[in-house]
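Beneath this line is the structure, given in structure tokens, with notes to follow.
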Amino acid sequence: MKPEATVAGVRLTHPARVLFPQQGLTKQDLAKFYVGIGNWILPHIVGRPLSIVRCPKGEGSDCFYQKHWTGALPAGVQSVDISEKSKRSQYMVVSELRGLVALVQIGVLEIHPWAAMADALEQPDRLIFDLDPGPGVAWPAMVRAARELRRRLESVGITSFVRTSGGKGLHVVAPLAHRNTWEELKEFARSIADSMEMDDRQRYIATMSKAKRQGKIFIDYFRNQRGATAVASYSTRARASAPVATPLRWDELTARLSPDKYTVENLPRRLSTLREDPWEGFFELRQTIPSHAAQEILRGVPSNHARSSRTQRNRRIAVRA
């Protein structure tokens, strides 16, 4: 193979470099994978500040997490200047397919977008829960947790979607209108996570302490704060089997599903056979999180009371179709 190759107008150096040794997947293979699923992944990353996981020599070899960008920007990639505490930093923003392939060129194996657009940084438009299993948690318990989280969100008028994380966990995601602040978003997410822990302390935990996670599912609501990220739908993960974070229909989430089922090798086949987007309606849905008063009600509400008070709480919810 030539020492250089061009994919989607992007020059790839060392295209034969193996990025996923277990599968023998090269840099050129990964670039072509993203070109093939471009219509699926781009809506989830275009226009958003990105944090990235780079593995220039491939998965399992000197990978590092990077938020800020100081070098020259490749074609298809822009930057946004973001204020962070005492300084301002540049973040990468992909604007088109060439930008996605350019990430492959610099060894990116994971793409983590903000839950806000670069032109509306203070108005988050995603609510994200990361369900992370502690040691001893079986997959069926993860499925139950995701369904319970969905039910609680529905009880306050929020429609949610689910995806595999590309690892052992699951992400429950709800699109939002640009009407809430980061503070409102995190407070609401915390109230949901706390209510689940309070109702079943043997099964759920909402604190980050790893020492307390044995046999429990960590409901990570910390993704819902300014600057936090979660892996993008259809992004690869820097793991041995070349897994991909994959959106599912809720009825596909069963105890029989393997959490790492979808990979670079088989995801294109799945997408080619779908009759509709598993997240159909995701980008058209406009909803806002409950008001502060509704959040107060959520704290301490036992799960068997959630349905009976649904009507009262929905009066406090503004949802625009």
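The values are calculated or read from the model by the stated rules, or taken from the named source; none is laboratory data. From a predicted model like this one, the values you see are computed outputs, not experimental measurements. Methodologically, a virtual Cβ is constructed for each residue, glycine included, from the backbone with ideal geometry; neighbour enumeration extends over all protein chains shown. Areas reflect the complete protein model, heavy atoms only, side chains present, ligands, DNA and RNA absent. Shrake-Rupley method; radii C 1.70, N 1.55, O 1.52, S 1.80 Å.
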_Quick check on the range 27-34. Is at least one of its residues aliphatic (A, V, I, L, M) and open to solvent by 20 Å² or more (accessible area, probe 1.4 Å)?_
no
*Does A240 meet the test of being open to solvent by less than 30 Å² (accessible area, probe 1.4 Å), in contact with a strand residue (DSSP E or B) (Cβ under 9 Å, 6 or more places away or on another chain) and of a type outside the set (F, W, Y)?*
no
*Being in a loop (DSSP other than H, G, I, E, B) and touching a residue at least 60 places away in the same chain (Cβ under 8 Å) is the filter here, so list the residues in the range 122-137 that pass it.*
E122, P124, G134, P135, G136, V137
_Test for W69: is it modelled with pLDDT under 95, of a type in the set (A, V, I, L, M, F, W, C) and surrounded by fewer than 22 Cβ atoms within 10 Å (Cβ to Cβ)_ = yes
*Are any of the residues in the range 24-40 part of a strand (DSSP E or B) and either at pLDDT 95 or above or within 21 Å of A230 (Cβ to Cβ) (or both)?*
yes
*Say we look at the range 153-173 and pick out the residues that are within 23 Å of A255 (Cβ to Cβ) and among the polar types (S, T, N, Q); which of these is surrounded by the most Cβ atoms within 10 Å (Cβ to Cβ)?*
T164
*Residue list for the range 174-198, restricted to those being surrounded by fewer than 22 Cβ atoms within 10 Å (Cβ to Cβ) and among the β-branched types (V, I, T)*: T181
*Hits in the range 154-180 - residues which are β-branched (V, I, T), in a loop (DSSP other than H, G, I, E, B) and modelled with pLDDT of 95 or more*: I158, T159
*Failed item, numbered, when A138 is tested on (1) at pLDDT 95 or above; (2) touching a Pro at 6+ places or on another chain (Cβ under 7 Å)*: (2)
*Condition test on R190, is it more than 30 Å from N39 (Cβ to Cβ), without any contact (Cβ under 8 Å) to a residue 60 or more places away in the chain and part of a helix (DSSP H, G or I)?*
yes
_Filter result (open to solvent by 20 Å² or more (accessible area, probe 1.4 Å) and of a type in the set (D, E, K, R)) within the range 105-120_ = D119
*Would you mind stating whether R98 is open to solvent by 30 Å² or more (accessible area, probe 1.4 Å), closer than 18 Å to L12 by Cα and in contact with a Cys (Cβ under 7 Å, 6 or more places away or on another chain)?*
no
_Restricting to the range 89-118, count the residues that are within 19 Å of the chain's Cα centre (by Cα) and charged (D, E, K, R)._
1
*What about M208, is it over 27 Å from L248 (Cα atoms) and either in contact (Cβ under 8 Å) with a residue 12 or more places away in the chain or not in a loop (DSSP other than H, G, I, E, B) (or both)?*
no
*Those strands (runs of 3 or more DSSP E) lying entirely in the range 53-121 with at least 1 residues among the polar types (S, T, N, Q), under 22 Å from Y34 (Cα atoms) and in contact (Cβ under 8 Å) with a residue 60 or more places away in the chain*: none
*Please work out which residue is farthest from L131 (Cα to Cα), limiting yourself to the range 199-212 and to residues that are aliphatic (A, V, I, L, M) and open to solvent by 80 Å² or more (accessible area, probe 1.4 Å).*
A211
*Which ones in the range 261-290 are open to solvent by 50 Å² or more (accessible area, probe 1.4 Å), within 22 Å of K32 (Cβ to Cβ) and either aliphatic (A, V, I, L, M) or in contact (Cβ under 8 Å) with a residue 60 or more places away in the chain (or both)?*
K261, E265, P268
*asked:* Given the criteria modelled with pLDDT of 95 or more, surrounded by 14 or more Cβ atoms within 10 Å (Cβ to Cβ) and on the phi < 0 side of the Ramachandran plot, does R226 qualify?
replied: yes
